[in-house]
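What follows is a single structure, written as structure tokens, with notes after it.
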Amino acid sequence: MNLLRRLFIAAALLPILSGTSMAQGEGAPLYIDFRNQKIADIIYSMADACGGKVLVDETVTGNATFRFEDDSFESALKKFAAHCHLHVNKDGDAYVVSKVLVETNDGGMFSVNTENVQIESFLNFLSRRANRTIVFDSLPAATVTIRAVNSSLEDILNLAIVKFPGYGLERIGDGFYITKSAGNLSRRNLDVFTLSDVSDSFSCSIQKAAFSNVLDTLFRKGGREYSLLARNSVQLEGLSYSEKGFDELLSLLLCQANCDFTVMDGVYYIYEIQKKDVLKKFKDTRIVKLANIGVENLLSLLPADLNASGFMKIDRGANSVILTGSASEIEPIVGFIEKVDVPSAGMNFRSFYLENINAKDAVAAIPKSMLISDVTMLPSANGFVTQVSDDGGESLAEFVRILDSRKQNHVVKLKYIKSEELLKTLPPSVGKDSVSGTSDPSVVFFSGTDGQYAAFKKDLESIDCPKRQIKYHLLVVQRQKTDGFNWSPSFSANDSSDDSGYTWSGMLSSIFNINFDVISKFGMQFAGSLNAELSEGKSRVLADTTLNGISGESLSFSNTNTYRYRDIIVDTSGDLYTSTTREITSGLTLSISGWASGDEIVTVKIDAQVSKQGSSDSSSSSSTTVETTVPPSTSEKKVSTNVRGRSGEPIVIGGLFQQEEDITEKRFPVLGAIPLIGNLFKSRSVTMAESEFVIYLIPCVQECAEAALDEESNLERLRMKYRSKEG
């Protein structure tokens with residue numbers, strides 16, 4: 001810096017310097033206050049004030065405000081550099097200040113640390129530091145911030161221009177060119193490669209070039225003719241080949257573009273092929289024959305990362321493995337096979353013969369764990385040969401004897417169940433192939449050994465047995481709902497003379513007409529109440545029956561009336577009449593499904609429906625007469641429930657309420673039948689009555705029927721039964 005510039009800077013900074021002179025004595029404190037001054041001028045002023053030497057490169061730009069007090073120039077400079085993100089390096093007795101820090105390693109990689117530096121200044125600095133050519137088109141006046149560690153020069157340049165749209169990076173020789181593409185114009189493609197020919201030995205080095213251009217150069221230098229049939233726009237990058245023959249170098253270049261060539265009449269015809277066809281040239285095929293283990297066992301031993309079906313096939317007939325692939329793909333498999341395909345100690349070959357079944361079927365049934373090697377079928381006999389150990393051979397021989405056991409056919413007659421039921425629920429002692437049905441549902445055929453037949457007969461004893469039966473005692477009563485009941489005078493309760501309780505007396509004629517055992521199941525009081533209701537007409541019995549069913553099956557009961565009527569249809573002309581007969585059924589319908597468990601508990605599902613037919617204007621009330629009037633209305637009440645109780649305990653189901661309309665008409669004879677005038681001589685009364693249907697059900701479990709006796713046992717039973725009567 002010349003004297004005039006230094007005087008100018010000192011004059012500019014005089015208004016902002018405080019407590020210091022332009023040159024401080026040694027050990028004197030430094031007091032400086034800078035306000036919005038250029039960073040480079042601040043550094044130079046500090047150096048002038050302290051007598052230090054500094055070099056500030058072109059990357060240091062911008063203004064700063066800094067106020068500090070320090071003892072030395074070096075300490076003050078480092079604090080200021082940290083404040084402004086500057087990098088200070090000492091070169092001899094001078095300090096070099098820059099906004100860019102670039103370091104290189106032994107591998108030629110770069111580490112860059114810079115913040116808010118002008119792009120052109122950064123590129124110039126990087127070119128000098130890397131000693132590489134970097135040229136560029138006009139760049140925007142913008143700053144970049146880059147922090148990269150161990151990166152290539154190309155990656156750093158891409159980071160520098162990434163935020164500038166339209167700019168691209170091209171590599172030319174050992175240098176780089178940052179170019180700007182205008183509008184939609186594509187970037188310039190510069191071919192950077194060398195190709196030399198020395199005594200028909202070709203060498204090439206390609207940094208980046210079009211495949212077609214390299215190919216054309218090769219044929220011109222080789223003095224040969226070619227025809228490019230493929231329209232391939234592949235870019236070749238990073239290739240280097242030395243001292244190759246013409247055809248050899250051509251093949252190497254064509255592999256990069258998925259192409260191949262054929263020579264006809266001295267002309268090279270170049271055509272495109274699939275990439276997989278190119279890769280076939282680099283694959284090898286090896287056949288490994290196994291000597292001590294079978295290929296099936298080998299597949300089960302192969303680790304998952306080696307078991308790749310894409311390049312491994314097996315030949316069961318030759319007990320060999322065919323491997324196709326690169327050396328890195330097939331060598332690990334070959335090494336594994338060599339380790340496992342070794343002879344086993346204590347192993348020998350043994351033959352097995354069968355008489356009753358086919359040898360192939362027997363081998364298919366043998367567990368894989370019992371076969372330690374492949375099985376070879378004997379062509380001249382019904383048998384096979386395999387490698388076994390001493391203990392394993394005996395186990396395999398015993399298993400083969402069981403398989404080869406002679407099977408016999410047995411006719412099995414069923415007593416209580418059908419063959420289709422047996423075939424659906426076969427016991428675990430037999431398989432589906434061992435039992436077959438016949439045209440007779442009570443006969444099946446069994447095929448197997450004597451031991452299997454004995455086990456089947458034992459299991460059949462617990463299956464082929466009679467099912468338990470359930471007897472249902474059923475009573476359905478329709479009860480008139482009133483405020484209370486008045487018992488008949490024929491039934492009374494009085495004090496006993498011996499003070500032991502009450503004495504009951506009366507007539508239960510209505511109860512005794514019922515088959516249902518009301519007295520023992522519900523007690524005397526309920527029986528008397530029901531008898532009084534029946535006698536006075538307040539209740540009536542709709543059903544009194546006993547039903548028998550098999551446990552697990554459903555049965556139904558109905559007490560209904562059927563009303564039939566004719567639906568007459570007249571056509572539009574009024575000449576043709578058609579009719580359809582329809583039916584309406586009303587009354588009681590009951591469905592019962594019960595199941596008896598082993599502890600005498602009965603589970604019953606009951607579905608009950610009571611339907612009532614309304615009044616009709618028909619002149620006839622017979623259920624068999626076909627009416628020609630509008631059908632009457634009907635009402636239905638349904639209940640569905642599941643109950644569970646002990647055998648013999650009564651079940652009561654109520655809640656089926658129904659309202660009935662009772663119409664009573666009184667009229668004078670003859671006069672009441674006259675149309676219109678007859679309404680004066682008759683009267684009609686309508687009353688509503690509510691009734692309840694109550695279902696009383698007693699399920700009783702019956703034991704299974706005993707087996708039929710033979711003739712002699714049956715005669716003895718009859719003799720013992722009637723012996724007392726004869727005496």
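Values as computed for the structure displayed
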item	result
Index of the failed condition, Ala257 passing every other in (1) surrounded by 15 or more Cβ atoms within 10 Å (Cβ to Cβ); (2) without any contact (Cβ under 8 Å) to a residue 24 or more places away in the chain; (3) among the small types (Gly, Ala, Ser)	(2)
The range 539-580: number of residues that are of a type in the set (Asp, Glu), assigned to a strand (DSSP E or B) and at pLDDT 80 or above	1
Unique residue being more than 16 Å from Val54 (Cα to Cα), β-branched (Val, Ile, Thr) and surrounded by fewer than 19 Cβ atoms within 10 Å (Cβ to Cβ) when the list is Val96, Val149, Val88, Val112	Val149
Given (1) part of a helix (DSSP H, G or I); (2) open to solvent by less than 70 Å² (accessible area, probe 1.4 Å), number of the condition Ile322 does not satisfy	(1)
In the range 34-85, residue least open to solvent (accessible area, probe 1.4 Å) [restricted to those that are over 26 Å from Arg129 (Cβ atoms) and of a type in the set (Ser, Thr, Tyr)]	Ser45
Test: residue in the range 251-269 that is of a type outside the set (S, T, N, Q), in contact with a strand residue (DSSP E or B) (Cβ under 9 Å, 6 or more places away or on another chain) and closer than 30 Å to Ala364 by Cβ	no
Test: residue in the range 623-631 that is open to solvent by 90 Å² or more (accessible area, probe 1.4 Å) and modelled with pLDDT of 65 or more	no
Tally, over the range 152-180, of residues that are among the aromatic types (Phe, Trp, Tyr) and either surrounded by fewer than 13 Cβ atoms within 10 Å (Cβ to Cβ) or assigned to a helix (DSSP H, G or I) (or both)	0
Residues of the range 263-300 satisfying the condition of being surrounded by 14 or more Cβ atoms within 10 Å (Cβ to Cβ) and assigned to a helix (DSSP H, G or I)	Val278, Val295, Glu296, Asn297, Leu298
Residues (in a strand (DSSP E or B) and within 23 Å of Gln118 (Cβ to Cβ)) located in the range 43-90	Val54, Leu55, Val56, Asn63, Ala64, Thr65, Phe66, His87, Val88, Asn89
Met312 being surrounded by fewer than 17 Cβ atoms within 10 Å (Cβ to Cβ) and on the phi < 0 side of the Ramachandran plot	no
Filtered residues of the range 401-453 (kept if of a type outside the set (A, V, I, L, M, F, W, C), touching a residue at least 40 places away in the same chain (Cβ under 8 Å) and outside any helix (DSSP H, G or I))	Asp404, Ser405, Arg406, Lys407, Gln408, His410, Lys415, Tyr416, Ser447, Gly448, Thr449
Residue check for Gly317: surrounded by 17 or more Cβ atoms within 10 Å (Cβ to Cβ) and modelled with pLDDT under 75	no
Residue that is surrounded by the most Cβ atoms within 10 Å (Cβ to Cβ), among those in the range 583-622 that are modelled with pLDDT of 75 or more and over 30 Å from Pro650 (Cα atoms)	Ile584
Evaluation of Leu354 against (1) at pLDDT below 80; (2) over 42 Å from the mean Cα position of the chain (by Cα); (3) among the hydrophobic types (A, V, I, L, M, F, W, C) (one fails), failing number	(1)
Selected residue (criterion: nearest to the chain's Cα centre (by Cα)) from residues of the range 632-647 that are among the charged types (D, E, K, R) and either under 24 Å from Gln478 (Cα atoms) or modelled with pLDDT under 50 (or both)	Lys638
Only listed residue being in contact with a Lys or Arg (Cβ under 7 Å, 6 or more places away or on another chain) and modelled with pLDDT under 85, chosen from Asp71, Asp41, Asp48	Asp48
Residue check for Lys275: basic (Lys, Arg) and either touching a Cys at 6+ places or on another chain (Cβ under 8 Å) or closer than 30 Å to Thr376 by Cα (or both)	no
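Results for (1) open to solvent by 40 Å² or more (accessible area, probe 1.4 Å); (2) on the phi < 0 side of the Ramachandran plot; (3) over 42 Å from the mean Cα position of the chain (by Cα), shown as yes or no for each residue.
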| site | (1), (2), (3) |
| --- | --- |
| Asp391 | yes, yes, yes |
| Phe399 | yes, yes, no |
| His410 | no, yes, yes |
| Tyr416 | yes, yes, yes |
| Glu421 | yes, yes, no |
| Thr425 | yes, yes, no |
| Asp433 | yes, yes, no |
| Ser436 | yes, yes, no |
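The values are calculated or read from the model by the stated rules, or taken from the named source; none is laboratory data. Everything numeric here is computed off the predicted structure, so don't read it as measured data. Cβ atoms come from the backbone with ideal geometry, glycine included; neighbour counts cover every protein chain shown. Surface areas here come from the heavy atoms of the whole protein model, side chains and all, with no ligands, DNA or RNA. Shrake-Rupley method; radii C 1.70, N 1.55, O 1.52, S 1.80 Å.
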